[in-house]
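Down below is the structure, laid out as C-alpha coordinates.
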Amino acid sequence: MAEGFVDGQPRAWLRAEGLFTLAVAAALYGISDAAWLWFAVLFFAPDVSFLGYLAGSKVGGAAYNVMHSYVSPLALSVALLFSSESVGLPLIWFAHIGFDRALGFGLKYPSAFHDTHLGRIGRTSEPQR
(Lines give C-alpha, C1' and ligand atoms only; values in the text may rest on other atoms or scores of the structure.)
Protein backbone atom coordinates (compact mmCIF):
# COMPACT_ATOMS: atom_id res chain seq x y z
CA MET A 1 0.00 0.00 0.00
CA ALA A 2 1.25 3.51 -0.77
CA GLU A 3 2.80 5.65 1.92
CA GLY A 4 0.28 7.78 3.84
CA PHE A 5 -2.58 5.31 3.60
CA VAL A 6 -3.92 3.52 6.65
CA ASP A 7 -3.70 -0.24 6.30
CA GLY A 8 -4.53 -3.45 8.14
CA GLN A 9 -6.17 -3.43 11.56
CA PRO A 10 -6.16 0.40 11.99
CA ARG A 11 -8.08 0.69 8.70
CA ALA A 12 -10.65 -1.83 9.93
CA TRP A 13 -11.03 0.12 13.19
CA LEU A 14 -11.52 3.40 11.31
CA ARG A 15 -14.21 1.81 9.15
CA ALA A 16 -15.91 0.35 12.25
CA GLU A 17 -15.73 3.79 13.85
CA GLY A 18 -17.53 5.18 10.81
CA LEU A 19 -20.28 2.56 11.08
CA PHE A 20 -20.69 3.31 14.79
CA THR A 21 -20.83 7.05 14.05
CA LEU A 22 -23.58 6.44 11.49
CA ALA A 23 -25.58 4.32 13.95
CA VAL A 24 -25.26 6.73 16.88
CA ALA A 25 -26.00 9.82 14.77
CA ALA A 26 -29.12 8.16 13.31
CA ALA A 27 -30.26 7.03 16.77
CA LEU A 28 -29.79 10.52 18.22
CA TYR A 29 -31.62 12.00 15.24
CA GLY A 30 -34.44 9.55 15.88
CA ILE A 31 -34.93 10.75 19.45
CA SER A 32 -34.60 14.41 18.47
CA ASP A 33 -38.15 14.63 17.08
CA ALA A 34 -36.75 15.90 13.78
CA ALA A 35 -38.51 14.79 10.60
CA TRP A 36 -37.05 11.70 8.90
CA LEU A 37 -37.93 13.24 5.54
CA TRP A 38 -35.19 15.84 6.15
CA PHE A 39 -32.75 13.07 7.03
CA ALA A 40 -33.49 11.35 3.72
CA VAL A 41 -33.36 14.56 1.68
CA LEU A 42 -30.13 15.90 3.23
CA PHE A 43 -28.18 12.68 3.82
CA PHE A 44 -26.13 13.00 0.62
CA ALA A 45 -25.91 16.82 0.67
CA PRO A 46 -22.20 16.81 1.65
CA ASP A 47 -21.48 15.08 -1.66
CA VAL A 48 -22.20 18.36 -3.45
CA SER A 49 -18.55 19.02 -2.59
CA PHE A 50 -17.66 16.70 -5.49
CA LEU A 51 -18.29 19.70 -7.72
CA GLY A 52 -14.97 21.09 -6.49
CA TYR A 53 -13.28 18.47 -8.67
CA LEU A 54 -14.41 20.48 -11.70
CA ALA A 55 -11.67 22.94 -10.67
CA GLY A 56 -9.05 20.20 -10.29
CA SER A 57 -8.00 17.61 -7.75
CA LYS A 58 -6.48 20.09 -5.27
CA VAL A 59 -9.64 22.21 -5.04
CA GLY A 60 -11.85 19.13 -5.18
CA GLY A 61 -9.93 17.38 -2.43
CA ALA A 62 -10.04 20.45 -0.20
CA ALA A 63 -13.79 20.93 -0.77
CA TYR A 64 -14.46 17.24 -0.13
CA ASN A 65 -12.36 17.25 3.06
CA VAL A 66 -14.15 20.32 4.48
CA MET A 67 -17.50 18.60 4.00
CA HIS A 68 -16.31 15.13 5.10
CA SER A 69 -14.30 15.98 8.19
CA TYR A 70 -15.93 15.79 11.61
CA VAL A 71 -14.65 19.33 12.33
CA SER A 72 -17.36 21.07 10.30
CA PRO A 73 -20.44 19.36 11.85
CA LEU A 74 -18.83 19.65 15.31
CA ALA A 75 -18.46 23.42 14.87
CA LEU A 76 -22.05 23.68 13.65
CA SER A 77 -23.25 21.56 16.61
CA VAL A 78 -21.57 23.88 19.09
CA ALA A 79 -23.05 26.96 17.42
CA LEU A 80 -26.53 25.42 17.40
CA LEU A 81 -26.30 24.29 21.02
CA PHE A 82 -25.44 27.84 22.12
CA SER A 83 -28.38 29.16 20.11
CA SER A 84 -30.82 26.55 21.50
CA GLU A 85 -31.59 25.36 17.97
CA SER A 86 -32.02 21.76 16.84
CA VAL A 87 -28.85 19.79 16.11
CA GLY A 88 -30.67 17.71 13.50
CA LEU A 89 -28.61 19.01 10.57
CA PRO A 90 -25.20 18.19 12.07
CA LEU A 91 -26.52 14.74 13.10
CA ILE A 92 -27.39 14.08 9.46
CA TRP A 93 -23.93 15.32 8.51
CA PHE A 94 -22.25 13.04 11.07
CA ALA A 95 -24.30 10.11 9.78
CA HIS A 96 -23.20 10.81 6.21
CA ILE A 97 -19.52 11.01 7.15
CA GLY A 98 -19.82 7.79 9.15
CA PHE A 99 -21.51 6.08 6.19
CA ASP A 100 -18.70 7.14 3.85
CA ARG A 101 -15.98 6.05 6.27
CA ALA A 102 -17.67 2.69 6.85
CA LEU A 103 -17.59 2.13 3.08
CA GLY A 104 -13.88 3.02 2.98
CA PHE A 105 -14.16 6.54 1.57
CA GLY A 106 -11.59 8.58 3.42
CA LEU A 107 -10.32 12.13 3.35
CA LYS A 108 -8.80 12.98 -0.01
CA TYR A 109 -5.22 13.69 -0.93
CA PRO A 110 -4.73 16.46 -3.52
CA SER A 111 -3.24 13.99 -6.02
CA ALA A 112 -6.54 12.42 -7.14
CA PHE A 113 -10.07 11.57 -5.97
CA HIS A 114 -9.23 7.91 -5.47
CA ASP A 115 -6.29 8.66 -3.10
CA THR A 116 -7.68 8.72 0.46
CA HIS A 117 -6.30 8.29 3.94
CA LEU A 118 -8.11 4.93 4.08
CA GLY A 119 -6.42 3.73 0.91
CA ARG A 120 -7.14 3.90 -2.80
CA ILE A 121 -10.78 3.57 -3.80
CA GLY A 122 -12.03 2.11 -7.03
CA ARG A 123 -10.23 -0.28 -9.34
CA THR A 124 -6.52 -0.44 -8.70
CA SER A 125 -3.70 -2.77 -9.59
CA GLU A 126 -2.62 -2.73 -5.94
CA PRO A 127 -4.67 -5.18 -3.83
CA GLN A 128 -6.50 -3.85 -0.74
CA ARG A 129 -5.81 -5.75 2.48
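Conditions tested, residue by residue: (1) among the hydrophobic types (A, V, I, L, M, F, W, C); (2) farther than 23 Å from Arg11 by Cα.
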residue: Val59; (1), (2): yes, yes
residue: Val66; (1), (2): yes, no
residue: Pro73; (1), (2): no, no
residue: Leu80; (1), (2): yes, yes
residue: Phe94; (1), (2): yes, no
residue: Leu107; (1), (2): yes, no
residue: Ser111; (1), (2): no, no
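Please work out if Ala26 is at pLDDT 95 or above, buried (at least 16 other Cβ atoms within 10 Å of the Cβ) and in a helix (DSSP H, G or I). So Ala26 fits the description; yes. If I ask for residues that are in contact with a helix residue (DSSP H, G or I) (Cβ under 7 Å, 6 or more places away or on another chain) and either closer than 16 Å to Gly104 by Cα or in a loop (DSSP other than H, G, I, E, B) (or both), which ones from the stretch 29-43 would you list? Once the filter is applied, which keeps residues that are in contact with a helix residue (DSSP H, G or I) (Cβ under 7 Å, 6 or more places away or on another chain) and either closer than 16 Å to Gly104 by Cα or in a loop (DSSP other than H, G, I, E, B) (or both), the stretch 29-43 yields Ser32, Ala34, Phe43. Within the stretch 1-11, the residues that satisfy the criterion of being in a loop (DSSP other than H, G, I, E, B) and under 17 Å from the mean Cα position of the chain (by Cα) are Phe5, Val6.
Within the stretch 33-61, restricting attention to residues that are surrounded by 13 or more Cβ atoms within 10 Å (Cβ to Cβ) and within 18 Å of Val87 (Cβ to Cβ), the residue that is nearest to the chain's Cα centre (by Cα) is Pro46.
Scanning the stretch 66-77 for residues that are out of contact with any helix residue (DSSP H, G or I) (no Cβ under 7 Å at 6 or more places or on another chain) and either at pLDDT below 95 or under 24 Å from Trp36 (Cβ atoms) (or both) returns a single hit, Leu74. Would you be able to say whether some residue in the stretch 72-83 is out of contact with any Leu (no Cβ under 7 Å at 6 or more places or on another chain), surrounded by 14 or more Cβ atoms within 10 Å (Cβ to Cβ) and among the hydroxyl-bearing types (Ser, Thr, Tyr)? Yes, the stretch 72-83 has at least one match.
Of Leu19, Leu74, Leu14, Leu54, all but one fail to be farther than 21 Å from Gly122 by Cα and assigned to a helix (DSSP H, G or I); the exception is Leu74.
The values are calculated or read from the model by the stated rules, or taken from the named source; none is laboratory data. This is a predicted model, so every value here is computed, not measured. Because the Cβ atoms are built from the backbone with ideal geometry, glycine has one as well, and the counts that use them run over all protein chains shown.
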